[in-house]
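A.B. asks: Take a look at the following structure, please.
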Amino acid sequence: MDVTAMIKDAVEKITKDGDLTKAFQQDPAATVKKVTGDKIPAEAIDKVVDGVKAKIKLDSAAGALGSIKKLF
């Protein structure tokens with residue numbers, strides 16, 4: 001099980017689909033299970049969810065920073 005690959009794959013799918021983004025905000029664990037095809041063992045789901053949340057937050061922050069830089 002490659003957790004990093006699962007996180008990357010889940011982030012790509014969730015951020016490209018508005019419905020999945022909303023579903024992730026409401027129930028992160030169920031959404032991650034859905035986009036990974038239930039391949040995640042129960043003991044690893046929290047790690048993957050936390051990784052997806054961190055990556056999405058990081059990408060959002062980077063996008064905001066890029067927008068601010070364009071102002072100057």
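A.B. asks: What is the sum of charges around residue 9, taking Lys and Arg as +1, Asp and Glu as -1, for the other residues whose C-beta is under 14 Å from the C-beta of residue 9? Don't jump to the answer; show the numbers that get you there.
C.D. replies: Values: positive: 8, 13, 16, 33, 34, 39, 55; negative: 2, 12, 17, 38.
Taking every Cβ under 14 Å from that of residue 9, the sum is +3.
A.B. asks: In nm, to one decimal, how far is the modelled label at residue 46 from the one at residue 26, with both set 7 Å along Cα→Cβ?
C.D. replies: 2.5
A.B. asks: What ranking, highest mean first, results for peptides 21-27, 38-44 when packing means the other Cβ atoms within 10 Å averaged over each residue?
C.D. replies: My ranking of the peptides, most packed first, is 21-27, 38-44.
Read the figures in this text as sums done on the coordinates, not as results from a lab. Please read all numbers here as calculations on a predicted model, not as lab measurements. So basically every Cβ, Gly included, is an ideal-geometry build from the backbone, and we count neighbours across all protein chains shown.
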